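The values are calculated or read from the model by the stated rules, or taken from the named source; none is laboratory data. Fair warning: this is a prediction, and the values are worked out from it, not measured in the lab. Because the Cβ atoms are built from the backbone with ideal geometry, glycine has one as well, and the counts that use them run over all protein chains shown.
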Amino acid sequence: MDIDQSYVSIRPGDERDVPAVVALLDGAIEWLVAEGRTDQWGTDPYSTDSRRVAAISSMAAGRELRLAVSGDIVVGALAVGSAMSYVPPAAEAELYVRLLVTNRACAGRGIGGRLLEHARTIARAGGVDLLRVDCYAGLDGALIRYYEKQGFTATDSFEVARPSGPWPGQLLQQRLS
């Protein structure tokens, strides 16, 4: 996909955008499987799990969703809101990155970074000084390093129980002041 980052804009997402976001997530899982990284999100397409699709619909309905678009093509998605139930609560007001995904064909073009900068802008506009995110902490820690390169600092490690075994997670935060 030939996408010039300078032509990517960010707009609010709504329920009409759910299929595009789910397609991004399907693409991410397909890439993870091809890379042998099946422990993060499993092997089944995101679109086959009605619970996961309903979560994206809820983010859209709750006005949490933002999309990176190039023309009419959705190349990334961000959802921000309250913290996930499986992480320790913050001791202060925060904005939590609930979802960050980009089109794998656009990897390395800075779209994820632009979406995270948009999250910072939303937080600052709301008078919030703390931005947090969690990610998969298994294998080689590549995702943790990505967020650290984006200015986040690793804080708490945690595990989420699931039928196939515990999912290792890492909570990260960034101060905006």
Open item on the list: Report every pair of residues separated by at least 6 positions or lying on different chains whose Cβ atoms are under 6 Å apart, first residue within the range 133-144 and at pLDDT 95 or above, second among the polar types (S, T, N, Q).
Closed with: 135/170; 136/40; 137/170; 144/170
Task: Failed criterion for residue 103 (all others in (1) surrounded by 18 or more Cβ atoms within 10 Å (Cβ to Cβ); (2) over 13 Å from residue 24 (Cα atoms); (3) among the polar types (S, T, N, Q) hold) - done: (2)
Task: Unique residue being among the charged types (D, E, K, R), under 24 Å from residue 37 (Cβ atoms), in a strand (DSSP E or B) and more than 12 Å from the chain's Cα centre (by Cα) when the list is 134, 156 - done: 156
TODO: Could you check the range 35-105 for strands (runs of 3 or more DSSP E) lying wholly inside it with 2 or more residues that are closer than 19 Å to residue 172 by Cβ?
DONE: 73-81, 95-102
Open item on the list: Name the residue that is modelled with the lowest pLDDT, counting only residues in the range 98-110 that are within 17 Å of residue 22 (Cα to Cα) and in contact with a helix residue (DSSP H, G or I) (Cβ under 7 Å, 6 or more places away or on another chain).
Closed with: 104
TODO: Only residues that are closer than 20 Å to residue 54 by Cβ and either surrounded by fewer than 22 Cβ atoms within 10 Å (Cβ to Cβ) or out of contact with any helix residue (DSSP H, G or I) (no Cβ under 8 Å at 6 or more places or on another chain) (or both): list them for the range 79-97, please.
DONE: 81, 82, 83, 84, 85, 86, 96
Open item on the list: Can you confirm whether residue 44 is exposed (fewer than 15 other Cβ atoms within 10 Å of the Cβ), touching a residue at least 12 places away in the same chain (Cβ under 8 Å) and within 25 Å of residue 160 (Cα to Cα)?
Closed with: yes
TODO: Answer yes or no as to whether residue 28 is in contact with an Asp or Glu (Cβ under 6 Å, 6 or more places away or on another chain), part of a helix (DSSP H, G or I) and touching a residue at least 40 places away in the same chain (Cβ under 8 Å).
DONE: no
- [ ] Considering only the range 36-61, state which residues are modelled with pLDDT under 95 and among the acidic types (Asp, Glu).
- [x] 39
TODO: Spot the failing condition for residue 31; the list is (1) in contact with a Lys or Arg (Cβ under 6 Å, 6 or more places away or on another chain); (2) crowded, with 19+ Cβ neighbours inside 10 Å, and only one is missed.
DONE: (2)
TODO: Please tell me if residue 109 is out of contact with any Lys or Arg (no Cβ under 9 Å at 6 or more places or on another chain), in contact (Cβ under 8 Å) with a residue 60 or more places away in the chain, basic (Lys, Arg) and surrounded by 12 or more Cβ atoms within 10 Å (Cβ to Cβ).
DONE: yes
Task: Total residues in the range 133-168, condition surrounded by 15 or more Cβ atoms within 10 Å (Cβ to Cβ) and either of a type in the set (A, V, I, L, M) or in contact with a Cys (Cβ under 7 Å, 6 or more places away or on another chain) (or both) - done: 6
